[in-house]
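Below is one structure, written out as structure tokens; comments come after it.
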Amino acid sequence: MRVTSEIVPGPETSSSPTWLERETARLHTDSPRLAAGLQHLAERPALVLLPLAVVILGTLGAVVPGGDAEWFRIAGLSMLGPRLLDVFGAPGLQIGPLYLLSLGAATAATDWLPEPSMRFVLAAGQGALVLAYALAVTRRAASATGARALPAQWAVGLALVLGGLLAESVGNGHPEEILLGLLLAHAALEAARARPRTVGVLLALAVAVKIWGVLGAPVALVGRRPRTVVVAGAVGGLLAALVYGPFFLWGDVQTFSFSWGIPQETVLARVVGPEASDWGLRVAQAGVAVATGAAVALRRAGSPLTVVLAVIGTRLLLDPLFLTYYAGPFLVVALLWAWTSNARPGPALRAACWSLVPTTVLVPYLLDRTVSLVTLRLVVVVVAVVALILDRRATRPGLPVLGGPDVVSTP
């Protein structure tokens, strides 16, 4: 059945004008041209944020040679030649073929530039594409619940560009991590709308970008619709098999012979012991993350974004490593939830959520390794628990419920 409930304004709506509204009205009176120009930009976040992203991330990429970014560029270039299917012969290359091939093509297209300029273009291009996709997903999430899209886009966009999320990811050569979080969030939103084929395609894209995207499978359970689960699973599984199958059938794949090692100072090392198998641990980690996400998805109603938070949060908690860019996908989905969910967190909670972005970026550089690991994991637990508790408000009368079995796709 079609949901036709009228949207009831959340607690953020006020009958009296805010300070910002009063100052905006005064500016329109005192300087109408300036006010019109600023309003034009305020209503188009991409016009401000995309140029900023290009300058900041391009400059960062240009001055950070080597590392994973260079490794991925070389691997991507190798896929343009006869050794396409042997790219995963390097055990440490834990990245998906779609990302590598795209990066290789972009590298080939810019190899006529001096190397710093080439790195600038590649870093700026990747950052801008991730940002543009983030703004699009934010708008989609806001429209699903009747939230205001512009504040949500500004909050998410500023966190990515100025809060340090994209800078940390690009600086480490891993912008695909934030892209993964956005793909899973988008898939969860589409599952709530009962669009199983789109869900399957998005999950397959996530897996093709990076193998841990498979942990997003529980989003197909949002709304508890058997048809969505079956169709999304079939489409996603088939596409993922088509992407990876040739490498396993005819190429040299050494991916699963890689060993990260388990740092001795982690709690996990004390639980499983220093001799535990890396990939055995990863399989157990994946199983718990998927089970946690499934449990959240099988609720009668609630924000589909909390399913993604549960999956990524569990993965981070159980990961023996916690590199500086790992928190990126979790935080971007948390911001999406804070600004678009039916729970409508108040300004104080939203500000606290946003402040976690620069905090988590800086913590690894300011604190001891063990202290920073504990702090970052504590952030993950607190954010996920608060989101799940407040998400109960998603079933308030008069609000459209995303994820409920009654919601169906509309033309």
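Hey, what's the Kirkwood Rh for region 64-178 if you take every pair of different alpha carbons, in angstrom?
On the way: mean 1/r = 0.0647 Å⁻¹.
In region 64-178 this quantity evaluates to 15.5 Å.
How far apart, in nanometres, would the label points at Ala352 and Leu298 be if each is projected 7 angstrom from Cα along the Cα-to-Cβ direction?
With each label placed 7 Å out from Cα toward Cβ, I get 3.1 nm.
If I compute solvent accessible area with a 1.4 Å probe over the protein chains, what percent of it on region 96-167 is carbon and sulfur?
Carbon with sulfur: 69 percent of the solvent-accessible area.
Among Leu388, Leu47, Leu158, which one shows the biggest mean-square fluctuation in a GNM of the chain, springs joining Cα atoms closer than 10 Å?
Comparing Leu388, Leu47, Leu158 in a Gaussian network model of the chain, the most mobile one is Leu47.
For the chain, with every protein chain kept in place, what is the accessible area per residue (1.4 Å probe, Å²)?
Working: 18630 Å² over 411 residues.
Result: 45 Å² per residue.
List, largest first, the extents of the alpha carbons of region 166-232 along their principal axes, each in whole Å.
Sorted from largest, the Cα extents of region 166-232 read 42, 18, 15 Å.
Figure the gain on full extension for Trp19 and Thr59 (residue separation times 0.36 nm, minus the Cα-Cα span) and round it to one decimal in nm.
10.8 nm
Testing the spin-label approximation: label points 7 Å from Cα along Cα→Cβ at Asp252 and Ala234. State their distance in nm.
Once both label points are built, they end up 3.9 nm from each other.
Using only Cα atoms and rounding to the nearest 10 degrees, what angle (0 to 90) does helix 278-297 make with the longest principal axis of the chain?
The helix 278-297 is inclined about 20 degrees to the chain.
Report the calculated FRET efficiency for Arg369 and Arg33 (r = Cβ-Cβ distance, R0 = 51 Å), to the nearest 0.05.
It comes out at approximately 0.45.
Label region 194-254 by shape, choosing from rounded, prolate and oblate, from the square roots a ≥ b ≥ c of the eigenvalues of the Cα gyration tensor; if a/c is under 1.5 it is rounded, and otherwise prolate applies when a/b is larger than b/c, oblate when it is not.
Taking the square roots of the gyration eigenvalues as a ≥ b ≥ c, region 194-254 is prolate.
Once you have the Cα-Cα distance between Asp278 and Leu362, take 0.36 nm times their residue separation minus that, and quote the gain in nm to one decimal.
27.4 nm
P(r) of region 131-198 in 10 Å steps, Cα pairs, percent per bin?
The calculated distribution, bin by bin, is 21, 47, 26, 6.
Could you state how much accessible area Tyr244 has, in square angstrom rounded to the nearest 10, with a 1.4 Å probe and all protein chains kept in place?
About 30 Å², rounded to the nearest 10.
In the P(r) worked out for the chain, what percent of Cα pairs fall beyond 34 Å?
Percent of Cα pairs beyond 34 Å in the chain: 32.
If you take the C-alpha gyration tensor of region 323-365, multiply each eigenvalue by 5 and take the square root, what semi-axes do you get, largest first, in whole Å? Numbers along the way, then the final one.
On the way: eigenvalues 93, 28, 4 Å².
Over the Cα atoms of region 323-365, the semi-axes work out to 22, 12, 4 Å.
Output ³J(HN,Hα) for region 204-214: one whole-Hz value per residue in order, computed from phi by the Karplus curve 6.51 cos²θ - 1.76 cosθ + 1.60 with θ = phi - 60°, and x for Gly and Pro.
Result, ordered by residue: 5, 4, 4, 5, 6, 7, 7, 5, 6, x, 4 Hz.
The values are calculated or read from the model by the stated rules, or taken from the named source; none is laboratory data. Just so we're clear, the structure is a prediction, and the values are computed from it rather than from any experiment. We place every Cβ from the backbone using ideal geometry, glycine too, and count neighbours over all the protein chains shown. Quick note on the areas: whole protein, heavy atoms, side chains included, nothing else; ligands and nucleic acids left out. Shrake-Rupley method; radii C 1.70, N 1.55, O 1.52, S 1.80 Å.
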